[in-house]
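Undergrad: Let me give you the structure first, and then I'll get to my questions.
What follows is calculated from the coordinates using simple rules that are stated; it is not laboratory data. Note that the coordinates shown come from a computational prediction; the quantities given were computed from them, not determined experimentally. All Cβ positions, even for glycine, are placed from backbone atoms using ideal geometry, and neighbour counts span all protein chains on display.
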Amino acid sequence: MTFSAPLEKRFARMLQSYPQKRSALVPMLMYAQDEVGSLTDEVIAEIADRLGVTVLQVNEVIGYYSMMHKKPLGQYHVQVYTNISCMLRGGFKVWDHARKTLGIGHKQVDADGRFSLEEVECIGSCCWAPAMQVNYDYHHNVTPESFDRVINELKKGGGQ
């Protein structure tokens, strides 16, 4: 399997910069996931081969990190945080609103593949709770109303 030319160059630089090749595993998985859309068996086998580790070792890492996905996500992956700080400041209210608004539940993707939703733990934004993340963009002090503004902007083609 080959990736895009820019990603192949990035991988080559990574493999040169880490003292042990396997140290590049997490960033390689993240970049591959962003390009391919998910961590398919083919992607996993390719990265394992490039790093000289087993497929099992790669799958162990994928299983540990919640931000790595074997199934395709929506174009906009919405993560709502419901840890203790977010919960105390309305995180479950935002989570329930997100499920109703998007019409999907935890780790589901809507019918057109535009949005996926996930309930997740802490991102260290306790002072600005409740928080959510859409792809790599963070949103703090989220309310159902501010959630709607973010989602409506994405639906119109703005943001991200």
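Undergrad: Give the dimensionless ratio obtained when the Cα radius of gyration of the range 5-64 is divided by 2.2 N^0.38 Å.
TA: Cα Rg divided by the expected 2.2 N^0.38 Å: 1.01.
Undergrad: Can you bin the range 52-99 into rounded, prolate or oblate? Criterion: square roots of the alpha carbon gyration tensor eigenvalues sorted a ≥ b ≥ c, rounded for a/c under 1.5, prolate for a/b above b/c, oblate for the rest.
TA: Verdict is oblate for the range 52-99.
Undergrad: Something else: By a straight-distance test (C-alpha under 19 Å), which lysines pair with Lys107 as possible cross-link partners, with residues fewer than eight away in the same chain excluded?
TA: Once the sequence-local lysines are set aside, what remains near Lys107 is Lys70, Lys71, Lys93.
Undergrad: Ordered by residue, what ³J(HN,Hα) values in Hz, to whole numbers, does the range 105-114 give under the Karplus form 6.51 cos²θ - 1.76 cosθ + 1.60, where θ = phi - 60° and Gly and Pro are x?
TA: Here the 3J(HN,Hα) series is x, 4, 6, 10, 10, 5, 4, 8, x, 7 Hz.
Undergrad: Moving on. Nearest 5 is fine: what % of DSSP beta bridges in the chain come out antiparallel, could you say?
TA: On the way: 8 of 14 bridges.
If we restrict to bridges inside the chain, about 55 percent are antiparallel.
Undergrad: Let me ask another. Given points 7 Å out from each Cα along the Cα-Cβ axis, report the Asn141 to Glu60 separation in nanometres with one decimal.
TA: In this crude spin-label approximation the distance works out to 4.5 nm.
Undergrad: Bin width 5 Å, origin at 0, all Cα-Cα pairs of the range 76-155: what percent of pairs per bin?
TA: Pair shares across the bins are 3, 18, 32, 27, 14, 5, 1.
Undergrad: What fraction, in whole percent, of alpha-carbon pairs in the chain exceed 29 Å separation?
TA: Roughly 28 percent, once rounded to a whole number.
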